Amino acid sequence: MTITLSIFIPFIAAIFVPLLYKRLQSRKIGWFVLLVPLTLFAILASFIPSIAKGETYTHTLRWIDSAGIHFTTYLDGLSLIFSLLITGVGTLVILYSIYYLSERESLGRFYVYLLLFMGAMLGVVFSDNLMVLYVFWELTSISSFLLIAFWYHRKKSRYGAQKSMLITVSGGFAMLAGFIMLHTMTGSYSIREIVASIGLYTDEPLFLISMLLVLVGAFTKSAQFPFHIWLPDAMEAPTPVSAYLHSATMVKAGIYLVARFTPIFGGEMTWFYLVSSVGVFTLFWGSFNAVKQTDLKALLAYSTISQLGLVMSLFGLGSAALNEGHSANSVFYAQATFAALFHLINHSTFKGALFMVVGIVDHELGTRDIRRLGGLMSFMPVTFTIALIGSFSMAGLPPFNGFLSKEMFFESLVNARNLELFDVGTLGTLFLVVAWLASVLTFVYSMIIVFQTFLGKFQPDRIEKPSREASFGMLIAPSILAIFVVGIFFFPNIIGDYLLRPAMTAIYPTLAGVGSLMPRIVPWHGFTNPALWMTVGVVVLGIILYWSFRHWRGIYTLAPLKWNLDSIFNANLVLLEKGSSYFTRLYMKGYLKDYLVYIFTFFIVVVGGAIFLTGSYSFDFSNDAPITMNEYLIVLAMAVAGISILFAKSRMTATILNGVLGYSIAFFFVVFRAPDLALTQAIVETVTTALFLLCFYFLPEWKKERSPVRTKVVNGLIAFSVGSIVTVLALAVQGNKMFESISVYFEDAYRLAGGTNIVNTILGDFRAFDTMLEVVVLFIAGIGVFTLIKLKVRKEERDVEDQ
Amino acid sequence: METLITILVGFLVMIAVYLLLSRNLIRVILGTAVLSHAAHLLLMTMGGLKKGSAPLLGEDAESYTDALPQALILTAIVISFAVTAFLLVLAYRTYKKTGTDNLQQLRGFEDE
C-alpha cells in the first residue's frame, strides 16, 4: 500500500506546485519540492532491512478485470535499488537545482515536470503489470521531452527534445508490441506470473519476436548503439535535468527492463549475444566518441552512453547463468549481474557528481568548452576535488568505487571466455579486447575532464564571467555524492549485503537457494589476478594516449566516421516530413468538390459493393398502391423540373424550378394523407424561395460553368451511380421488410397522450425531447445567421475607421 | 406507386449530387435543397403509401397511414430549412468577404 501511494505522491505534489508557486514566486518552491523525494527516500529506505531478509511486498488495486490489467505494485530487491536511486539522486538534484536555476526561470513549470518524471519513474520500477509499466514508461519519455525542451526558445533544445521523444517513444511502441505478444503466449500481464510460467512457452514462435521487441524498447531508452544518438542532443536540458534523467535514472529504465526480464528471456542464446554484444560495442563507441568532444557536457553524454553499455553487457553475460541450471558454474556467471548492479549504483554516484561539477563550471564561468577552460583548480578547490574523485572513479582507479566494479567487470569478461555455452570461444576474447580498449579510452576522457579543465593555464580573456568558487548550496549535493564514491570503496559490502543480494534473488529466482550467489566485494585479489593487470594496462596505455592525443586525433576526421548515424536520422526525418506532407497534399486539396467526390465515391464503392456482394437486390412490387393519372403527371413534372435546374441559364429559373419541386412534394403529401406535412412544406417552400431571391440581391449573377467535358462526364457518372444505388437500395429495403412496424403503438395516442392528431402527439409528447432539440438546432442556426450578418457590419465600420 | 416514387427519389438524388459537385456556391446550396426533398419523399415511401386515412383519430377510419415517418419528415423539413437559410447567409458573407462565389477560387493558401 505504501508503495502504491509512493508512486502517486509526486503526482499529487505536482498538482500543488503551480498553486504554491503563485503564492511564493521565488526559489522557495524548490524547498517544498525537495520534501517529496526526501520523504519518499526515507520511507523506501525503511524497507531495506526487511527486503534484505528476503521479503517482498505486493499490493493490487483492481482496475480492468476483463483485460487482466490491474494496478499491481511489487517491491523486491531490484525495484528497491532503482527506487532508492530515483528518490536519492532526485533529492540531491532538486537541492542542487534550487541554487542552479535563477529565479527568473519559470520554476513552477520546471518542478512540475520533474515531479511528473519522478512519479512516472517510480511507476516503472514498481509496476508488476506490463500495461501499467508501459504507461509509466511512456510518461517518462514525455516528461523527459518536456524537460529537454525547458528552454523552448532555443532551436537546439526543441530539436533535442523531438529527437529523444521520437526515438524513445518508437522504442516504447515496439516494447508494447512485445508485451502484448507475451500476454498472448502466457495469458497474463503480471511479470511475476510470466516469470513463473515462461518455461512452458520458450518454443513458441512469438517468444523470440517478443524478446527482440522488448529489447528494442530497452535499447532505445538506455541509449544503446545504434539508438544512442538522442542522448548527446538531450544535453540541451538544464544541467540538473541532465544529471538526473540522462545519467542517473531515466536512461537506466532500459537497464531495469533488461534486469527485470532476465528471468524471462535470460538463458536464451539470442538474449545473451544481443545484450552483451550491443553493450560491449556501445561501451566502445561511446568512449571512443567521448574523447573527441570539446563540450564537457557532450563528453559526459558519450561517457554515459559508454557506461550504460558496460552495465548492459554485464547483464548479458550474467544471463548465461540461467542456462546452466543449478550448477556451481551458473553462480560463477551470475557474478556478472552482481557487478552490473554494483556498477549501476556507482555510476549514478560518480556521474551525478560529475554532471553537477560541469553545471557549476558552466554556471560560474558561462562556458563549458574545454578549449576555453583551464587552471580552475586555484580558485575552485572544492569543485576540483569533486571532479577529481568523480573522474578517477569513472576511470576505474582506487580508492574509489568505480575501481571495484570495473575490476569485477574485467573478471566477468575473463570468466566469459571460459564459457562453454553458446560456442563463445573467440568471441569472448574479442569482447575482452574491445572492452579493455574502451576502458583505456574511458581513462583518457576522464583525465581530459580533470586536467584540461582544472589544471593547465588559466585563460581569463576567453571567459565572460568573473571566476570564483560556486556557492555553498550548490556544492552540497555533489559533495554528498563524492562522499558516497569514496565511502562505497571502503565499505562496499554494506551495499552488497543490503541492496545487491536481494536484487540478485529477484533476478535469479531459481538460484535463490544457492548460498555462494553472493560474492564478497574485495579491493585486493592478489598479484595473480588478471583484472589487476588489466587495470594497470589501462592506466599505462591511457597515460600514453592522453599525452599523445593531438597526434592521433586525426582518426576522427577519417571519412567513414564523418558519415554518422545523426545525419542518417536527420535525413530520414526530413524525408518523412516531406513524404507525409506530399502525401497529404495529394488528397487534401482544399476544394469542396474533391471532398464531395471522395464521399460519393466511398458511398458508391461501399454501399454499391455491399448490395452487389450480398446479392440483396431482390425486389417485390406486389404491395404497391395503384397510381392515378394525375400522379403520373406530377412525377413527370418533377422530373422535367429537376433536369431543367441543371440547364437553367439564370439563377432565378433554377430557384423557381426548385420551388416547383417543393410544391409538388407538398401535393404528394396531400395524396399520401399527410395534411400537416403538406401545410409545413408549402410554407417552408415559400419562405425558402423568398430567401433565395433575397440573397440574389447581394450575390452576383451566376456565370456559365465552363468546366471541361471530361469533368462534366465524370460528375454525371458519379451523380448517376449515386442516384441508382439509392433507388436500388430503397427498393430492396421495401421488398424485404424484416421487422414489424412500431407505428401501431402511436395509434393509441388518445389514451397515451390525450391527442387525436397522431403526428402532433409524436412531436409534442412521445418524442418531445427530440422536438426540443430540433428547436435548439433552429436557434443555433438563427444565431449563426444573425452573427454572420452582424459581423460584417462591424467589420465595415472598422474599415472605415482605419481609413 | 412506391416503385415510381422511389425511382423519382433516385432521380432527384442524381440531380442533387450533380449540383453539389459544381463550382458555384448557389448551385451547391440548391443541391442540398433538392437532396432534402428527395430524402423527405424517401422517408414517406418507406412507411408505405396510401394505406389508410390521414393519422387523425377523429376520422373513425379502419386504419391510418403510418404516422411515424410523417413526424420524422416534419422535423426534417424544418431542419433543412434552417440549414438552407444558414448556407445562404454563409454564401452571402463569403461573397462580401472574398468577392467570389466560385468554390475553385475560394481555396486558401498553399500552407495551412
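None of the figures in this text is laboratory data; all of them are computed from the coordinates on show. Keep in mind it's a predicted model, so treat the numbers as computed, not measured. Neighbour counts are summed over all protein chains in view; Cβ atoms, including those assigned to glycine, are modelled from backbone coordinates with ideal geometry.
Data table
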item	result
Cβ-placed point charges (K, R +1; D, E -1), dipole of chain A about Cα centre in debye, nearest 20	2620 debye
Eligible lysines near A:Lys28 by straight Cα distance, threshold 22 Å, same-chain separation 8 or greater	none
Reachable lysines, given that their alpha-carbon falls under 16 Å from the alpha-carbon of A:Lys649 and they are not under 8 places away in the same chain	A:Lys703, A:Lys704
Entries in A:Lys22/A:Lys351; A:Lys712/B:Lys50; A:Lys53/A:Lys406; A:Lys156/A:Lys292 that, when Cα-Cα distance is taken, lie over 32 Å	A:Lys22/A:Lys351; A:Lys712/B:Lys50
Peptides ranked, highest mean first, by Cβ atoms within 10 Å: ranges A:387-400, A:130-143	A:387-400, A:130-143
Pair A:Arg706, A:Thr56: separation of 7 Å Cα→Cβ label points (nm)	8.0 nm
Environment charge of B:Ile77, counting only residues whose C-beta is closer than 13 Å and scoring Lys/Arg +1, Asp/Glu -1	-3
Partner chain coverage, peptide A:582-590 - average Cβ within 10 angstrom	1
Low-density loop positions, GluC sites (Glu not before Pro), segment B:1-94 - DSSP coil, at most 14 other Cβ in 10 Å	B:Glu62
Peptide ranges A:490-498, A:190-198, A:61-69 listed from the most packed, as the mean C-beta count within 10 angstrom indicates	A:190-198, A:490-498, A:61-69
Sparse-neighbourhood loop sites, GluC sites (Glu not before Pro) in segment A:739-783 - DSSP loop, at most 10 other Cβ within 10 angstrom	A:Glu740
Cα-projected label distance for A:Val733 with A:Asp748, points at 7 Å along beta-carbon direction, nm	2.7 nm
Candidate lysines for bridging to A:Lys790, where Cα separation is under 20 Å - those fewer than 8 sequence places away on the same chain excluded	B:Lys96, B:Lys97
Compactness of the protein assembly as shown - radius of gyration and Dmax, Cα, Å	38.6, 118
Test item: A:751-758 mean partner chain Cβ contacts at 10 Å	3
For peptides A:343-356, A:620-633, A:264-277, sequence by mean Cβ density within 10 Å, most packed first	A:343-356, A:264-277, A:620-633
FRET efficiency estimate (nearest 0.05) - Cβ-Cβ, A:Leu576 to A:Leu5, R0 51 angstrom	0.75
Shielding by other protein chains, B:25-32, mean Cβ within 10 Å	5
Computed [θ] at 222 nm, helices only, for chain A once each DSSP H run of length n ≥ 4 contributes -39500 (n - 2.57)	-23000 deg cm²/dmol
Separation of the A:Ala637 and A:Asn564 label points, Cα + 7 Å toward Cβ, nm	8.3 nm
Length released on extending from A:Ser188 to A:Ile15, taking residue separation times 0.36 nm less the Cα-Cα span	58.9 nm
q = 0.19 Å⁻¹: log10 I(q)/I(0) that the Debye formula gives for segment A:131-225, counting C-alpha atoms only	-0.86
